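> This structure is in C-alpha cells; I'll ask about it shortly.
The values are calculated or read from the model by the stated rules, or taken from the named source; none is laboratory data. All values derive from a computational prediction rather than experimental measurement. Neighbour counts run over all protein chains shown; Cβ positions are idealised from the backbone, glycine included. Surface accessibility is based on the protein's heavy atoms, side chains included, excluding ligands, DNA and RNA. Shrake-Rupley method; radii C 1.70, N 1.55, O 1.52, S 1.80 Å.
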Amino acid sequence: MSDLLYSEVEEDLRASVRDLLADRARAKRDEPYNRKLRRTLVAELPRMESDQPYDLELWRALAAELGTAGLAVPEELGGHGASAREVAVVMEELGRAVVPVPFLGSTVLATSALLAAGETELLPQLAAGELTGTLAVPLTTSPGATFPSSTRFADGVLNGRVGTVADAEVAELLVVPAVGPDGPGLYTVDAKAAAVTEITALDLTRRLADVGFENAPARLVAGPDRAPAALETALTFGAGVLASEQLGVAQWCLDETVSYVKHRYQFGRPIGSFQALKHRLAELYLELVGARAAARYAADTLATGGPDVPVAVAVAQSSCSSVAVHAAEEAIQLHGGIGMTWEHPAHLYLKRAKSSELALGTPGRHRARLATLLDLAP
C-alpha cells in the first residue's frame, strides 16, 4: 500500500530547503503582510535588469552544498540514493518560492534521462552540482509523445533545432534526443557547441530558449534499443514531480490568501469573516487536499516503480495543474487591488502556474492519455 504521508527524512529535507530559500531569498513567511516589493525584487526584477536570468549562487547552494542535485542518483555514482519522493519534496518547496533555479531541467529531466540510458560518466558531475544540464525537448512535450525527429545525427555531429527548451540558458550539458542512421538515439552535447537563443516566456522565473545545432559534436549514450524508453522515463518522472511543484504553488497561494483576509479589514471586520470568502477558500482547500493526495501518490509510485506509474502521473498532472491555476487566480482576486499590482508577488505564482499547466503536457492531454491507459477512450 502506498504511503502518502511525509516521512521524517522528507520533513527534515523540506526544512533544510525552506531554510535555505528563506535565507538566500530573504523570504519572511511569518509576516502577515508587509512584503511590498520583497519577492518581486528578489525573484524577478534583478533578472530583468541584468544579464543573469537565474540565481546561480542559490542554485550552487541548493545543488552542491545542500546536495539536492544528487538525490535520485545512486550512491555508487556520487549521489544520495534517494527516490522520487525526496525530489518531489524539493520541487514542492521550489514551487512555494518560485525561485529561478534550473532544478527541473538539470536534476529532474537531464539526470533522469541519463539514469534511464545507463550513462555513468557524467552523472557524478550532475549529482555533485558541478555540472548543470537540461533535456533538449520542448517543455510542452508530454509522456507518450512520439520520439522527436527535429534533430539528426550523422558522422559524429548533430544538426537541427529544438524550440522552447527549459533552463537551456544556463545548461552546460544538453541531453538531446535525435534520429541517427540506426534510428532514435540519446546524445550528449556540450552546450557551448549549440546556439542558444532566449525567447520571451510568460514565467521569467523559468526561462525558455530555442536551441540550434549546426555540426555540433555529440556522443551517443543510448541507441535505438534504449533511447525511446529513456526519454519516456524522463518525461514521466518530470511530469510526476512537476505535480508536486504545482502543489507548492497552490499551497503558497492558499496560505498567503488566508493570512491576508485575516488582517484585511473592511466595514470594521476582517474580510475573512465574510461567508462568501470563507466558501471560496474552503473549496480551494478541498481541491488542494485532493491535489496533494494525487501528487504524493505519483511520487510514491515513481519511487517504488509500480505498474501504476503512467496512471498515477496522468492523474496527478491533470489534477495539480488545474488546482495551481485556480489557487493563483483566487489569490489575486481575494487580495483585491494590491493583488493586481507588480508590487505583490501573486503575479509570479500565476505565471508559474499557467506556464506549468503547459509543461510536460496539458491537463487535457493527460486526461486523454489516462482514458487510453484505462481503456476508456471512445
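> With a 1.4 Å probe and every protein chain left in place, tell me how much accessible area E11 has, in Å² to the nearest 10.
It works out to around 80 Å².
> Taking the full set of protein chains and a 1.4 angstrom probe, give the accessible area of M340 in square angstrom, rounded to the nearest 10.
Estimated to the nearest 10 Å², M340 gives 140 Å².
> What do you reckon, how do D55, D155 stack up by accessible area (1.4 Å probe), largest on top?
Of D55, D155, the descending order of accessible area is D155, D55.
> Hey, could you get me the Stokes-Einstein D for the stretch 210-327, Kirkwood radius over alpha-carbon pairs, 37 °C and 0.692 mPa s, rounded to whole µm² s⁻¹?
194 µm²/s
> Another question, then. How far apart, in nm, are two points set 7 Å out from the Cα along the Cα-to-Cβ line at R219 and at S7?
Placing both labels 7 Å along Cα→Cβ, they lie 3.3 nm apart.
> Here is a follow-up. Can you work out D for the stretch 56-103 in µm² s⁻¹ from Stokes-Einstein, where Rh is the Kirkwood radius over C-alpha pairs, the temperature is 25 °C and the viscosity is 0.890 mPa s?
So the translational diffusion coefficient is about 223 µm²/s.
> Loop only by DSSP, 10 or fewer other Cβ within 10 Å of the Cβ. Give me the chymotrypsin sites (Phe, Trp or Tyr not before Pro) in the stretch 240-306 that pass, ordered by residue number.
Qualifying residues, ordered by number: F267.
> In addition: With n ≥ 4 as the cut-off for DSSP H runs, can you work out [θ] at 222 nm for the chain, using -39500 (n - 2.57) per run divided by the number of residues, rounded to the nearest 500?
So the helix-based figure for the chain works out to -15500 deg cm²/dmol.
> Have a look at the DSSP beta bridges in the chain and tell me what percent are antiparallel, nearest 5.
If we restrict to bridges inside the chain, about 90 percent are antiparallel.
> Here's another thing I want to ask about it. So for the stretch 132-247: antiparallel DSSP bridges make up what percent, rounded to the nearest 5?
Looking only at bridges with both residues in the stretch 132-247, the antiparallel portion is about 90 percent.
> In terms of solvent-accessible area of protein heavy atoms at a 1.4 angstrom probe, what is the ranking of L373, L135, highest value first?
L373, L135
> So if we plug the beta-carbon distance of E283 and I199 into 1/(1 + (r/R0)^6) with R0 = 30 Å, what FRET efficiency do we get, rounded to 0.05?
Efficiency for this residue pair is about 0.25.
> If eta is 1.002 mPa s and T is 20 °C, what Stokes-Einstein diffusion coefficient results for the chain, Kirkwood Rh from Cα pairs, in µm²/s?
102 µm²/s
> Ignoring ligands, DNA and RNA, how do K354, K262 rank by accessible area with a 1.4 Å probe, largest first?
Heavy-atom accessible area, descending, gives K262, K354.
> Suppose a student asked you for the relative contact order of the chain, using Cα pairs under 8 Å spaced at least 6 residues apart; what percent would you report?
18 percent
> With labels modelled as points extended 7 Å from the Cα through the Cβ direction, what inter-label distance (nm, one decimal) is found for R269 paired with E65?
4.8 nm
> With labels modelled as points extended 7 Å from the Cα through the Cβ direction, what inter-label distance (nm, one decimal) is found for D190 paired with S150?
If labels sit at D190 and S150, their model points lie 2.5 nm apart.
> Among the DSSP beta bridges whose two residues both lie in the stretch 102-182, what percent are antiparallel, rounded to the nearest 5?
Once the DSSP bridges in the stretch 102-182 are tallied, antiparallel ones form about 50 percent.
> Under a cut-off of 13 Å between alpha-carbon atoms, report the aspartates and glutamates in cross-link reach of K351, not counting same-chain residues fewer than 8 places apart.
Within the straight-line cut-off, K351 pairs with E44, D203, E329.
> Just the accessible area for I199, please: 1.4 Å probe, Å², rounded to the nearest 10?
We get 40 Å² for I199.
> What are the principal axis extents of the Cα atoms in the stretch 87-229, in Å, biggest first?
Result for the stretch 87-229: principal-axis Cα extents of 45, 31, 30 Å.
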